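What follows is one structure encoded as structure tokens, with my remarks underneath.
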Amino acid sequence: MSPEHKIQNEIQIALSENGCRVFRANVGKVRLEDGRWFDTGLPKGHPDLYGFRIDDGKVFYIEVKTASGRPRPEQITFHKMLNRYGIIHGIARSADDAVKIVKEELVGYGFQG
């Protein structure tokens, strides 16, 4: 299991324990046996996790990164779109980061600028 995947699992557990429903976004493309490509359909840069707080229905998005991980250009573009609408989102490098983002309703936590 990659370090990022381990952090992602820890975040899912922590958010669930803190009154949230959280979902993993499986993104990417795979080649089918007949040679065609299958695309998950989510927009480029879509964060790794998303969900809502059970008590008030507020939506959040979490991009999971290791301590040294940096967002890709598509992830920065998605972040800027979420910023325009004041959506709770950010980069979480730990379960504590993710809980902080959601509980404090942070917008763009961990992104530069």
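Observations, loosely collected:
- Residues that are among the small types (Gly, Ala, Ser) and farther than 21 Å from Leu82 by Cα within region 1-56 comprise Ser2, Ala14, Ser16, Gly19, Gly35, listed in sequence order.
- Residues of region 61-78 that turn out to be in contact with a Gly (Cβ under 6 Å, 6 or more places away or on another chain) and crowded, with 16+ Cβ neighbours inside 10 Å, as a count: 2
- Restricting attention to region 84-96, the residues that are touching a residue at least 60 places away in the same chain (Cβ under 8 Å) and within 15 Å of Pro47 (Cβ to Cβ) add up to 2.
- Residue within region 26-36 that is modelled with pLDDT under 95, part of a loop (DSSP other than H, G, I, E, B), surrounded by 14 or more Cβ atoms within 10 Å (Cβ to Cβ) and of a type outside the set (Phe, Trp, Tyr) present: yes
The values are calculated or read from the model by the stated rules, or taken from the named source; none is laboratory data. This structure is a prediction, so every number in the text was calculated from the model and none was measured. Cβ: placed from backbone, ideal geometry, glycine included. Neighbour counts: every protein chain shown.
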